[in-house]
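As structure tokens, the structure follows; a few thoughts come after it.
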Amino acid sequence: MNVLHPDPVRVAVGIIIREGHVLCCQRKKDARYGLQWEFPGGKMQPGEEARDCLKRELREELAINVETIEPYDTHLQSYADNGIFEVHYFLIKEYRGEVKNKVFESIRWLPPDKFDTLDFLQGNKPMLDRLQRAYAGRADRTIF
């Protein structure tokens with residue numbers, strides 16, 4: 001690890017879609033980047049693949065079992081506090097179970113054109129823009 005450029009924290013994130021809405025989750029008040037909104041997911045354990053990490057995290061955080069998981073994007077994000085994250089995004093269109101908030105301050109299902117009503121993590125903003133463009137370009141107002 002280079003002190004000037006530390007290894008990024010590897011995270012897997014799920015864009016969970018239900019009836020044209022996306023699940024948005026608010027971080028706990030006392031968490032790093034507290035009360036900001038994000039897509040659910042979490043840190044990969046050593047040797048863990050992104051897909052497996054996300055399935056585990058969604059079981060732990062939301063009590064759901066992922067049925068279909070599609071890679072969507074990966075990018076590197078740096079924060080002002082020197083946090084550097086390698087973020088792996090996946091689309092989740094099918095899952096078993098009812099979504100239950102087990103770890104977040106709050107959760108909401110929103111259509112992409114309402115994302116700007118929440119204070120999202122800086123690292124999610126490029127993905128928010130991409131999802132909003134996909135949503136705006138569809139006559140049926142669904143995402144995918």
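The values are calculated or read from the model by the stated rules, or taken from the named source; none is laboratory data. Being a predicted model, the structure only gives us computed values, none of them experimental. With ideal geometry, Cβ positions are generated from the backbone for all residues, glycine too; neighbour counts draw on all protein chains shown.
Just one of (1) closer than 17 Å to GLY41 by Cβ; (2) in contact (Cβ under 8 Å) with a residue 60 or more places away in the chain; (3) touching a helix residue (DSSP H, G or I) at 6+ places or on another chain (Cβ under 6 Å) fails for GLN77. It is (2).
Examine segment 14-21 for a residue that is farther than 23 Å from ARG133 by Cβ, in contact with a Leu (Cβ under 9 Å, 6 or more places away or on another chain) and part of a strand (DSSP E or B), and state whether such a residue exists. Scanning segment 14-21, I find no residue that is farther than 23 Å from ARG133 by Cβ, in contact with a Leu (Cβ under 9 Å, 6 or more places away or on another chain) and part of a strand (DSSP E or B), so the answer is no. Look at (1) closer than 18 Å to GLN132 by Cβ; (2) of a type outside the set (Val, Ile, Thr); (3) surrounded by fewer than 18 Cβ atoms within 10 Å (Cβ to Cβ) and you find that LYS43 fails only one, number (1). The one condition from (1) among the charged types (D, E, K, R); (2) touching a residue at least 24 places away in the same chain (Cβ under 8 Å); (3) surrounded by 13 or more Cβ atoms within 10 Å (Cβ to Cβ) that GLU67 does not meet is (3).
Among strands (runs of 3 or more DSSP E) entirely within segment 31-144, having at least 2 residues that are among the aromatic types (Phe, Trp, Tyr) and at pLDDT 95 or above singles out 84-96.
Checked across segment 86-95, the condition of being in contact with a Ser or Thr (Cβ under 9 Å, 6 or more places away or on another chain) and of a type in the set (Lys, Arg) holds for at least one residue. Screening the candidates LYS93, LYS100 for the property of being surrounded by 12 or more Cβ atoms within 10 Å (Cβ to Cβ) and of a type in the set (Lys, Arg) yields one hit, LYS93. Here SER106 fulfils each of the conditions (1) within 19 Å of GLN26 (Cβ to Cβ); (2) polar (S, T, N, Q); (3) free of Cβ contacts under 8 Å to residues at least 40 places away in the same chain apart from (3).
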